[in-house]
Amino acid sequence: MSISDVQLARLMLGQWRPAPGTYTAPCGIAEWDGHTATCRLNGTAPDPAAMLLYPALQLHQVHAAGSPPSAPTEPTIAALVANYSAATAPFAASSIPESAFTVRLHQGCRLCEWWKEQDRNGCGRCDSPACACTKRLLWLISETCPAKKWPA
């Protein structure tokens, strides 16, 4: 039976449920068993209205033309490193050296009554209501201790 490309789109979407059979549209042929529709396009561009209704017709069209859609490419390790370096560069200038961080943690935080060593899976956390240091980023130069256990 002949149908329009729009009817083919509606059939593929399940919006039109004709009697089971084979349906021929200008852009291809649909097989409908009463429950499932399959579509084989013939390489003719579908009606734009049909593609608006059922955008997957464009993907079916690519398959009908013989070339599968290209998968997105994954970034290389070098690209990931470059992206990471660029994204974290602003923090490098505003973070304290590791040795200063260790001093801050051991001589300030861990000696404080607000410090909860077992919190955050053993990483520790400051429980002071006024403290944002472990709720944010303890290693930033701009962070200060509300209990004055370590300077900025």
Rg to Rh, two decimals, where region 5-64 supplies the alpha carbon set and Rh follows Kirkwood:
0.92
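Give me S94, S128, S99 sorted ascending by neighbouring Cβ count inside 10 Å, so fewest comes first. All intermediate terms of the calculation are to be shown ahead of the outcome.
Values: S94 12, S128 18, S99 8.
Taking fewest neighbouring Cβ atoms as first place, the list is S99, S94, S128.
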Taking placed amide H atoms and a strict 5 Å upper bound, the residues 5 or more places from D127 or on another chain that come that close are W115, K116
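None of the figures in this text is laboratory data; all of them are computed from the coordinates on show. Just so we're clear, the structure is a prediction, and the values are computed from it rather than from any experiment. Reconstructed Cβ throughout: ideal geometry from the backbone, glycine too, with neighbour counts over all protein chains shown.
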